[in-house]
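The values are calculated or read from the model by the stated rules, or taken from the named source; none is laboratory data. The structure presented is a predicted model; accordingly, all values stated were derived computationally and were not measured. Reconstructed Cβ throughout: ideal geometry from the backbone, glycine too, with neighbour counts over all protein chains shown. We work out accessible area using only protein heavy atoms, side chains counted, and drop any ligands, DNA or RNA first. Shrake-Rupley method; radii C 1.70, N 1.55, O 1.52, S 1.80 Å.
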Amino acid sequence: MRIFKSSSARFEVMVLVRSLVCCCVAVAQSAPLLSTKMSPMYQASSVGNRGFSVFGGSKRPTFHNANPTSPSKTNTKRNALKLASTHHTTHHPNAKRHFIVNRLLPLTPQSSRNTASTLSIRKGKFKSMKEKLLAFRKKNRGFLGEFIGTFTLMFLGTAVNAVAAQGSIGLVGVAIGWLFAISMAVYVAGGVSEAHLNPSVTLTFALFKGFPWKMVLPYTVAQMLGAFVGSGLAFLDHKPFLDQLDVTNGVQRAVTGPGATAGIFVTFPAPQISMIHAFADEVLTTAALLMCVFAIGDNKNLAPKGNIGPVIVGGLVALLILGFGGISGVAMNPARDLGPRIMTFLAGYGSEVFTAYNNYWWIPIIAPLIGAPLGGAVYSAFVDNSEQDESGSLAEREETNSSKDSDANPNEAPRLGLEF
């Protein structure tokens, strides 16, 4: 031992020898595990704990109630079946060595399994959301149709009014704009909810056309919401121009007087029109609207052929705007007026939108609800052909009856169709 004269040299040799001994012990301990790495028990342990690999994980494969160094055939088979049918993980004294083996010999890349499972989960969630959306749309088909239809009507119509307020178009341009706004709204919702777009129309159809009463309130709510959202979006879109008009006229969100812009979204009567006159005008115009709508939709009358009906309804509204727009604004629609009126109140016009013109706000709501059933009643009482048979019009049937009577009695004078 004289060759190790210094204590530092002896210390280094001792450390080296100790390291070699530790390595030999580690190899001796892990050799039995490496020899059994492909045994059924190891595979079952790996299957039952596939949460760990070199790509990451949290579960460690362990042996259950068995000696991994010398497993018998019976115990191996029993434990393999047990581990394959359960996913429980129990702590084992040799868990650290199992961890080393699993880290060295991964069975399946975890990243590929995670990617496939993530994609399948996302597809399943997307499919589930799509099915729920389709079920909701099917259940609320009428409500959604009225909402989107009234939204289209008010978004396009109030945008035309905003352009007219800037002086770009006149009354004729406004009428033409509302013609197409009505037409497009009916085309959007006509095949879904019949495109009432108007609580007074819904009420009248319930009274005379057999529309379900339980749907009157949902349709009315949808129409109010659609009018509110549509006019609000049009307001936001034209807000820079409205701000410029306020600056030019020296006002701030005026409701009445010079520079007033609230009339873009809601209706007001002319200054010289009294409240009674405005109320009567709304009743009469709404009655005319519904009487003509009943005629346009009467297949046993001269109803338009094909899909041109929405354009004709739009032309009817344009005609009413040209003839009566200067009197009361021809709202003819509670949703068309109340929804935007609430919007203007929230947009900065204040409570004056309700108090202006002697609290005029209630007339465009109540008067159409009276005028629409009145127009429906007039058409149903005097013109409706719903009880007519399929043999033709009334004149054709009278002519047929007269010819039959003449053939039966040749000497009898023909009747004129009037009997007293």
Of all residues in the range 372-398 being open to solvent by 70 Å² or more (accessible area, probe 1.4 Å) and of a type in the set (S, T, N, Q), the one that is modelled with the lowest pLDDT: Ser391
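Can you say whether Leu156 is free of Cβ contacts under 8 Å to residues at least 24 places away in the same chain and either in a helix (DSSP H, G or I) or open to solvent by 40 Å² or more (accessible area, probe 1.4 Å) (or both), as far as the supplied structure shows?
It is false that Leu156 is free of Cβ contacts under 8 Å to residues at least 24 places away in the same chain and either in a helix (DSSP H, G or I) or open to solvent by 40 Å² or more (accessible area, probe 1.4 Å) (or both).
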Exclusive hit being under 24 Å from Phe345 (Cβ atoms), open to solvent by 20 Å² or more (accessible area, probe 1.4 Å), in a helix (DSSP H, G or I) and of a type in the set (Phe, Trp, Tyr), set Phe235, Phe279: Phe279
Inspect all residues belonging to the range 203-216 and state whether any of them is open to solvent by less than 20 Å² (accessible area, probe 1.4 Å) and not in a loop (DSSP other than H, G, I, E, B). yes
Output for the range 238-269, where each listed residue is part of a loop (DSSP other than H, G, I, E, B) and either in contact with a strand residue (DSSP E or B) (Cβ under 7 Å, 6 or more places away or on another chain) or among the hydrophobic types (A, V, I, L, M, F, W, C) (or both): Val251, Ala254, Val255, Ala260, Phe265, Val266, Phe268
Of (1) in contact with a helix residue (DSSP H, G or I) (Cβ under 9 Å, 6 or more places away or on another chain); (2) at negative phi; (3) without any contact (Cβ under 8 Å) to a residue 60 or more places away in the chain, Leu233 fails just (3)
Is there a residue being surrounded by fewer than 21 Cβ atoms within 10 Å (Cβ to Cβ), under 21 Å from Ile182 (Cα atoms) and at pLDDT 95 or above anywhere in the range 346-368? yes
Subset of the range 168-212 [aromatic (Phe, Trp, Tyr) and more than 23 Å from the chain's Cα centre (by Cα)]: Trp178, Phe180, Phe205, Phe208, Phe211
Residue check: is Gln272 in a loop (DSSP other than H, G, I, E, B) and not β-branched (Val, Ile, Thr)? yes
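Within the range 203-228, track down each residue that is of a type in the set (Val, Ile, Thr) and more than 18 Å from Ile370 (Cα to Cα). Outline the logic, then answer.
First, the residues of the range 203-228 that are of a type in the set (Val, Ile, Thr): 204, 216, 220-221.
Within the range 203-228, just Val221 meets the criteria.
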I'm told Met129 meets every condition in (1) modelled with pLDDT of 85 or more; (2) under 27 Å from Val221 (Cβ atoms); (3) in a helix (DSSP H, G or I) except one. Can you identify the failing condition by its number? (1)
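Taking the options Ala270, Ala295, Ala278, name whichever one is closer than 13 Å to Ala367 by Cβ, among the small types (Gly, Ala, Ser) and touching a residue at least 40 places away in the same chain (Cβ under 8 Å).
Values: Ala270 fails: closer than 13 Å to Ala367 by Cβ; Ala295 fails: closer than 13 Å to Ala367 by Cβ.
Testing whether each residue is closer than 13 Å to Ala367 by Cβ, among the small types (Gly, Ala, Ser) and touching a residue at least 40 places away in the same chain (Cβ under 8 Å) leaves just Ala278.
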